[in-house]
Amino acid sequence: MILLSTAYLAPIEQYSLLLSGEKCLFDFHETYPKQSYRNRCRIMTDSGAVDLSIPTVKHHFAKTKTKDVEIDYSTPWQKKHWNALTTAYRNSPYFDHYEHLFAPFFHDREHFLVDFNTKLQTLILDILKVGDRVEIGYTDDFVPLENDFTDMRFAISPKSRLRGDIPQYEAKPYYQVFSESLPFVPNLSIIDLLFCEGAGAVDYI
């Protein structure tokens, strides 16, 4: 089994694990870490890769579980993220195909981050038509690092991997929206691959 963390429009690497044939368990009971893909995605723009981060409510206690993290709507982040996605991908081959499916996520509100991320993940798996190939479960409690699973909760991170026993993801190049002027950037958000390759993204993954 593979242990994963929730992620906002997760990187392609996470979807490659979801489609690996192994059961994937999501740990919502972990202590929520900062500066991770749990509330952040990386997209391609005309100036290079850019991170979009969902603001979260700051709790007064230090060890908040991921399942309890609330989305902060005190700033118009949804409008900013949708504007960024539209600007970056409006000229991509498949943006028009999927725009109406993603737009509601940037108007409607979810209280908890894990609910928002999970609904986005479900949509993407449906678009890729792989729901019947993916076995997903959820832990009942926090699973410590010393376990028999392949632990990718902290390996898939904007930061470099710290453990030598974690399998390395090898990205294959594909057409990106600014390929004519910018070098290929590996392992961006799944949405980059989806808008560029459409449902054929599953063949790349």
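Scanning the range 14-46 for residues that are open to solvent by 10 Å² or more (accessible area, probe 1.4 Å) and either in contact with a Leu (Cβ under 8 Å, 6 or more places away or on another chain) or under 25 Å from THR86 (Cβ atoms) (or both) yields LEU17, LEU25, TYR37, ASN39, ARG40, ARG42, THR45, ASP46. If you check TYR89, TYR94, TYR8 for being of a type outside the set (A, V, I, L, M), under 16 Å from the mean Cα position of the chain (by Cα) and either open to solvent by 50 Å² or more (accessible area, probe 1.4 Å) or within 16 Å of ILE190 (Cα to Cα) (or both), only one passes: TYR8.
Within the range 116-147, being touching a residue at least 60 places away in the same chain (Cβ under 8 Å), open to solvent by 70 Å² or more (accessible area, probe 1.4 Å) and either in contact with a Cys (Cβ under 6 Å, 6 or more places away or on another chain) or among the acidic types (Asp, Glu) (or both) holds for GLU135, ASP140, ASP141. Remark: PHE112 falls outside the filter, which requires a residue to be open to solvent by less than 50 Å² (accessible area, probe 1.4 Å), within 19 Å of the chain's Cα centre (by Cα), at pLDDT 90 or above and within 28 Å of THR56 (Cβ to Cβ). When you check TYR8 against the structure, is it in a loop (DSSP other than H, G, I, E, B), of a type in the set (Ser, Thr, Tyr) and touching a helix residue (DSSP H, G or I) at 6+ places or on another chain (Cβ under 6 Å), yes or no? So TYR8 passes the test.
Step by step: first the residues of the range 166-201, then only those that are out of contact with any helix residue (DSSP H, G or I) (no Cβ under 9 Å at 6 or more places or on another chain), hydrophobic (A, V, I, L, M, F, W, C) and open to solvent by less than 60 Å² (accessible area, probe 1.4 Å), then the one that is farthest from ASP46 (Cα to Cα). Which residue is that? Filtering the range 166-201 for residues that are out of contact with any helix residue (DSSP H, G or I) (no Cβ under 9 Å at 6 or more places or on another chain), hydrophobic (A, V, I, L, M, F, W, C) and open to solvent by less than 60 Å² (accessible area, probe 1.4 Å), the one farthest from ASP46 (Cα to Cα) comes out as ILE166.
The values are calculated or read from the model by the stated rules, or taken from the named source; none is laboratory data. This one's a predicted model, so the numbers in the text were calculated from it and none came from an experiment. All Cβ positions, even for glycine, are placed from backbone atoms using ideal geometry, and neighbour counts span all protein chains on display. Surface accessibility is based on the protein's heavy atoms, side chains included, excluding ligands, DNA and RNA. Shrake-Rupley method; radii C 1.70, N 1.55, O 1.52, S 1.80 Å.
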